[in-house]
Structure formats: structure tokens, C-alpha cells
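Working notes, structure below.
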Amino acid sequence: MRKTWLIMLFAVFGLGMVASAAPKMSVAAPIYNFGEVIEGIAVVHTFVLQNVGDEPLTISDVRVSCGCTSTSLAKSTLASGESVPLDVTFDSAGFSGKMTKNIYVESNDPTTPKFVLQLTGTVKRPQTYNIAVSDLNYLFYLLVDLRTPQEYAALHLLGAINIPYDELGDWTSRLPKAVLIILYDEDGTLSDQAVQTLNATEFPEAKSLLGGLNEWVRQFKNKFILSPSTN
């Protein structure tokens with residue numbers, strides 16, 4: 001009788017151990033207070049997700065409370081005791097006052113299938129003379145002068161870089177692909193040809209300045225023109 005009772009006790013204990021084996025997510029600091037930032041400054045923080053359970057933890061989804069926040073996760077399955085950084089970026093452009101942004105991490109943790117992380121803090125209004133880097137990124141464009149170095153040195157639009165037409169093919173690996181690129185030459189002939197080639201490859205945002213530098217000078221004279229006499 002005593003032997004039977006011991007066997008039953010060990011069986012119940014064993015079942016309890018099996019039942020308790022499960023993945024479990026843990027984050028040492030699930031709330032990050034970024035203090036005060038000026039609107040337009042991005043808040044960047046790394047949360048460390050750890051599996052403190054006995055079974056593999058599978059992260060099925062990471063969601064954010066608004067499009068102003070983005071995340072990056074290197075891997076989605078963690079062995080027992082393993083951890084992974086979760087990089088979070090909150091773009092404060094367009095916000096002001098006290099902020100709380102939630103990040104929802106969904107996994108096979110049976111006790112907390114939706115783990116909530118938070119960014120919290122205060123966004124202050126910028127000075128009138130400030131511009132956010134996100135706004136500059138939106139406004140940014142590349143101006144390319146396709147003429148010879150001699151013609152470029154004699155006269156060119158302010159901010160233009162010189163890439164002679166014959167050398168443009170050597171530059172395509174260095175040109176940004178998701179940025180407005182405006183090409184010009186003397187009258188638009190070469191820039192029209194160049195931009196069609198770029199549009200057909202990996203530069204759908206490339207444009208040709210209609211009428212080229214001649215048309216600019218005809219309409220705006222020396223406005224935004226650099227030459228040896230203006231240096």
C-alpha cells in the first residue's frame with residue numbers, strides 16, 4: 001500500500017513538472033522613460049527580451065500603437081535562458097506634451113501572450129528656427145550637373161554636384177535610390193537621355209530639368225548660380 005502511494009505521489013509530481021514546463025517572457029525594464037526631447041528628435045531605445053521559461057519562446061508578432069514608432073527584432077525564437085534585443089524608434093515629429101507609446105510583443109508565453117512595453121516622456125516644441133531631420137529627409141533632393149568639369153567650374157546651380165554625362169554609369173552604385181534626383185545639362189538634351197536610363201533601372205524618382213541650365217538662366221537670371229565671379 002505504501003509503495004502504491006509513493007508511485008502515485010511521484011506520478012502526480014512528475015505531471016506537475018511537465019505541466020509547469022513552458023516558455024516565459026521577461027524584460028528587466030519594460031517601461032523606458034526618455035525624459036524630455038524636442039519635437040523632431042527621434043527616441044531610440046533597446047529593450048532586451050529574455051526567455052526565462054523551460055521551453056522555447058516563439059515571438060509571433062511585434063506591434064506598435066502608432067506609425068510614428070518602428071521596431072527591429074533580430075530573431076523570433078528563443079531557447080530557454082536566451083535573450084534578444086528589440087530596437088525601438090519613436091519619431092517625435094508632429095507630437096507635443098506627455099507621450100506614452102506602447103509596443104505589443106505577442107508570443108507563445110501562456111501566462112502573458114501579449115507583453116506590453118512602453119516608451120514614455122515629454123515632447124517639447126522646437127524653436128521656430130529648427131527643422132527636424134525627418135523633415136529634411138522628406139525635402140532632400142540631389143542636384144546633378146551632367147556637363148564637363150570645365151563648364152561646371154564656369155557656371156553651375158548652387159548645391160549641384162558634377163557628374164559628367166559619360167561618367168554617370170560609374171556613379172549609379174553610389175546614388176541614393178529613394179531620393180528625388182534632378183539632372184541637368186545645358187539645354188536638357190543629355191539629362192533627358194540620362195534620366196530615362198535611370199528610370200528604367202533603380203531610380204524611379206530621377207527627373208530631368210526641362211530646358212536645362214539655359215532655361216533656368218532665361219527665367220531667373222543669376223539666382224542660385226555659382227560662378228568664379230560670385231565666389
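A DSSP coil position with no more than 12 other Cβ atoms inside 10 Å describes the following trypsin sites (Lys or Arg not before Pro) in the range 25-132: K75. Within the range 137-186, the trypsin sites (Lys or Arg not before Pro) that combine a DSSP coil assignment with at most 16 other C-beta atoms in a 10 angstrom radius are R174, K177. Dividing the helix sum by the residues of the chain, where each DSSP H run of 4 or more adds -39500 (n - 2.57), gives a mean residue ellipticity at 222 nm of -7000 deg cm²/dmol.
Here the 3J(HN,Hα) profile of the range 118-135, calculated from phi with Karplus coefficients 6.51, -1.76 and 1.60 at θ = phi - 60°, is 9, 10, 9, x, 10, 9, 9, 5, x, 6, 5, 8, 8, 9, 6, 5, 5, 5 Hz, Gly and Pro shown as x.
Largest GNM mean-square fluctuation across T201, T120, T71, computed for the chain with C-alpha springs under 10 Å, falls on T201. Less than 5 angstrom separates the built amide H of L49 from those of V84, L86, all sequence-distant by 5 or more or on a different chain.
Under the criterion of Cα pairs below 8 Å and six or more residues apart, the relative contact order for the chain equals 16 percent.
When the P(r) is computed for the chain, the part past 32 Å accounts for 53% of the Cα-Cα pairs. Listing H156, H45 from fewest to most neighbouring C-beta atoms within 10 Å gives H45, H156.
Taking the number of Cβ atoms within 10 Å of each Cβ as an exposure proxy, the fewest-first ranking of D61, D185 is D61, D185. Annotation: amide H of I59 within the under-5 Å range of T77, L78, sequence separation 5 or more or interchain, hydrogens built in the peptide plane. Relative contact order for the range 23-124: 38 percent, from Cα pairs under 8 Å spaced at least 6 residues apart, divided by residue count.
Within the listed set D54, D170, D91, the Gaussian network model of the chain (springs between alpha-carbon atoms below 10 Å) gives the highest mean-square fluctuation for D170. Relative to the longest principal axis of the Cα atoms of the chain, helix 189-199 runs at roughly 10 degrees.
Read-outs throughout are calculated quantities, based only on the coordinates presented, and are distinct from any laboratory measurement. Bear in mind the structure is a predicted one, so any value in this text is a computation, not a measurement. Using ideal geometry, Cβ is built from the backbone for each residue, glycine included, and neighbour counts are taken over all protein chains shown.
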